[in-house]
Amino acid sequence: MAESWSFLDTVESNFRPLVVIELAKGTKEETIEWFTKRIVDKKADGGAQLLIKPLVTENGHENIYLVGASHLRLLLGAETVGLVKECNDNSMRTFTYSSRKTFKDFADDNHNFLTMAECQYIIKHELENLRAKNEKMIPGYPQAKLYPGKSIVRRLLTSGILVQIFPLHDREELKKLRHSWYGRVKVGFQPLDDIRSYFGETIALYFGFLEYFTFALIPMAVIGIPYYVFAWEDYDKYVMFATFNLLWSTVILEVWKRICALLTYRWGTLLMKRQFEEPRSGFHGVLGINPVTGREEPVYSSFKRQLRIYLVSLPFVCLCLYFSLYVMMIYFDLEQWALDYHKENESNFSSLMLYVPSIIYAVVIEIMNRIYRYAAEFLTSWENHRLESSYQNHLVLKVLVFNFLNCFASLFYIAFVLFDMKLLRQSLATLLITSQILNQFAESLLPYWLQKRHNKRMKKLMCSKKTDTDLSLAEQVNMEKEMGTYLGTFDDYLELFLQFGYVSLFSCVYPLAAVFAVLNNITEIYSDALKMCRVYKRPFAEPTANIGVWQLAFETMSVISVVTNCMLIGMSPQVDALFPDSKMDLVLTVAFVEHLLLAIKFIMAFVIPDKPREIQMKLAKLEFESLEALKQQQMQLAAESLKE
């Protein structure tokens with residue numbers, strides 16, 4: 001082992017630690033030698049061709065390893081993962097090592113050409129694609145079976161041998177980012193480019209969407225306040241408000257597509273090729289040949305996957321939906337009990353008791369959502385999807401269906417079965433406010449407490465070392481490995497999705513929903529920034545060109561909101577009085593207005609381009625140049641064949 005480390009020192013004298021690997025205490029020496037050898041082996045031999053060193057502390061070697069890579073290896077890795085960088089002519093192109101001189105700011109001695117987040121993403125990609133070839137088991141652990149195509153990192157994690165893999169923070173850059181992001185309360189935009197450079201495109205795009213959505217809610221909030229104050233019971237006056245809401249929901253989603261295209265083009269991810277996405281680390285199967293790329297990778301029968309989805313996952317989801325409806329009926333029994341109690345006592349206490357069932361139900365909804373989330377993750381992983389994008393789409397679909405029914409089924413039941421508008425207002429307000437309080441506790445108060453505890457631990461450690469200098473590398477690693485792990489933007493988008501539902505589905509009943517949403521999102525920006533910088537370990541960067549399936553989810557919610565708002569307006573006494581003789585005329589009129597608004601929504605979605613004209617022209621130019629380059633290459637090959 002010692003000889004291998006000295007050899008690495010010779011190869012790369014300026015070793016830059018980027019990623020930390022923590023193995024379990026007591027891991028066998030032969031396992032460590034085998035794993036580290038696979039990491040440093042050449043790509044042709046099935047290795048990752050990276051650099052790795054043990055972290056030595058005052059307590060000796062603690063099975064913590066630092067992973068890095070040579071500058072040349074990172075550049076070749078950037079070409080492998082398809083990173084897009086800015087060229088000297090200000091265009092964005094996929095990086096290739098052969099044409100490296102044409103890219104802006106590139107120099108052989110400029111090790112900052114790739115951001116630290118991009119370097120860590122490359123290392124993660126290489127580690128995740130370490131796969132077993134001829135090994136039958138992990139050396140030293142006969143019970144940890146391997147077979148061709150199995151992800152080595154995945155098997156080490158599931159066997160408890162590998163504790164965690166995480167990227168290191170850059171403390172100086174993080175300090176600058178904290179100051180510009182949330183270090184002071186200000187009215188302005190977030191430093192999205194700095195967030196992207198440090199955390200990657202996925203997280204930067206989430207914060208961009210959160211900021212945009214908050215600003216987009218302000219007109220709804222401003223208009224909703226006077227409607228709430230001056231026209232509480234006059235539903236006919238809400239027609240204009242509901243109509244504005246429906247058009248607003250379409251416009252903001254279409255405008256977001258354009259803003260998203262501008263951001264991701266500037267960041268290079270709009271041009272990244274995703275059709276040849278590598279298999280996800282959790283995907284397993286027999287090693288075979290990809291017919292498209294010709295590369296070796298695991299192969300798994302899509303028929304078996306479909307059987308798992310339709311014979312196991314689908315029935316389980318339906319069972320959970322039934323249980324959610326059963327809990328909803330218990331909630332209505334509690335509502336009836338609280339109403340009867342209030343009629344018998346007519347006191348201030350009994351008036352407060354009217355809100356208790358809704359509060360309890362809101363808490364139960366949050367608990368059920370979180371429990372179901374774990375079950376959905378297990379099922380989706382068991383379905384064995386090849387691509388990470390496919391895995392995420394199936395997971396999002398499972399969770400969205402359950403969360404939508406769990407959060408909104410009671411509101412639909414109150415509105416269209418019980419026809420109780422007063423109870424609908426009360427339930428909507430209680431569910432919205434309670435869910436926001438619970439989420440703020442989990443995302444603001446709890447992270448703040450964790451930060452304070454983290455600071456105390458840090459001060460205690462520094463005092464014990466009797467030094468006022470900055471943390472050493474060993475101390476930094478030991479501090480960061482104890483921090484929580486950020487699980488991705490899934491829950492953050494889900495929270496915004498449900499909030500969008502509360503605001504748009506029943507806008508003509510509770511106009512103040514947008515006001516509470518704006519207040520919540522302002523604190524959400526600061527609390528999420530705090531947890532990213534101070535509470536959680538640094539997550540790996542993940543390139544993305546858009547918010548993915550969440551765009552479709554928000555658009556679907558906006559379509560559903562057209563139906564609900566039209567039906568609510570049609571049920572109002574004022575509108576009902578316009579059709580005293582024929583209810584069929586009322587139904588037909590409401591249906592006509594609903595279809596008209598839907599037509600307007602779809603026309604607006606079609607008329608507003610997803611990408612600005614400037615971006616469309618740049619993409620068309622790149623496509624033309626690619627075709628011309630391909631044509632020139634074919635002509636050269638034809639000329640060479642004629643010479644022969």
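The values are calculated or read from the model by the stated rules, or taken from the named source; none is laboratory data. The model shown is predicted, which means the values in this text are computed figures rather than measured ones. Cβ sites come from the backbone with ideal geometry, for glycine too, and all protein chains shown count toward neighbours. What goes into the accessible areas is simple: the full protein's heavy atoms, side chains included, and nothing from ligands, DNA or RNA. Shrake-Rupley method; radii C 1.70, N 1.55, O 1.52, S 1.80 Å.
Specify the residue that is least open to solvent (accessible area, probe 1.4 Å); the eligible residues are those in the stretch 337-346 that are in contact with a helix residue (DSSP H, G or I) (Cβ under 9 Å, 6 or more places away or on another chain) and without any contact (Cβ under 8 Å) to a residue 12 or more places away in the chain. Filtering first and then ranking leaves ASN345.
For the stretch 296-311, how many residues are assigned to a helix (DSSP H, G or I) and either at pLDDT 95 or above or hydrophobic (A, V, I, L, M, F, W, C) (or both)?
4
Filtering LEU622, LEU588, LEU552, LEU597 for residues that are over 38 Å from the mean Cα position of the chain (by Cα) and among the aliphatic types (A, V, I, L, M) leaves a single hit, LEU588.
Restricting attention to the stretch 419-436 and to residues that are farther than 18 Å from ASN406 by Cα and among the hydrophobic types (A, V, I, L, M, F, W, C), the residue that is least open to solvent (accessible area, probe 1.4 Å) turns out to be MET421.
Name the single residue, out of those in the stretch 186-215 being without any contact (Cβ under 8 Å) to a residue 40 or more places away in the chain and of a type in the set (A, V, I, L, M, F, W, C), that is surrounded by the fewest Cβ atoms within 10 Å (Cβ to Cβ). Selected residue: VAL187.
Can you pull out every residue in the stretch 587-644 that is within 30 Å of TRP248 (Cα to Cα) and basic (Lys, Arg)?
Residues of the stretch 587-644 within 30 Å of TRP248 (Cα to Cα): 587-619.
Result: LYS601, LYS611, ARG613, LYS618.
Within the stretch 494-531, the residues that satisfy the criterion of being at pLDDT 85 or above and hydroxyl-bearing (Ser, Thr, Tyr) are TYR502, SER504, THR523, TYR526, SER527. In the stretch 84-103, the qualifying residues are those that are in a loop (DSSP other than H, G, I, E, B) and either hydrophobic (A, V, I, L, M, F, W, C) or open to solvent by less than 30 Å² (accessible area, probe 1.4 Å) (or both), and the one that is modelled with the lowest pLDDT is SER91.
When the residues of the stretch 216-225 are filtered to those that are surrounded by fewer than 15 Cβ atoms within 10 Å (Cβ to Cβ) and in contact with a helix residue (DSSP H, G or I) (Cβ under 8 Å, 6 or more places away or on another chain), the one that is modelled with the lowest pLDDT is ILE225.
In this structure, is SER572 of a type outside the set (Phe, Trp, Tyr), open to solvent by less than 10 Å² (accessible area, probe 1.4 Å) and closer than 30 Å to LYS611 by Cα?
Numbers: of a type outside the set (Phe, Trp, Tyr): yes; open to solvent by less than 10 Å² (accessible area, probe 1.4 Å): yes; closer than 30 Å to LYS611 by Cα: no.
Taking the combined requirement at face value, the residue does not satisfy it.
Screening LEU598 against (1) open to solvent by 50 Å² or more (accessible area, probe 1.4 Å); (2) at pLDDT 85 or above; (3) not small (Gly, Ala, Ser) leaves a single unmet condition, (1).
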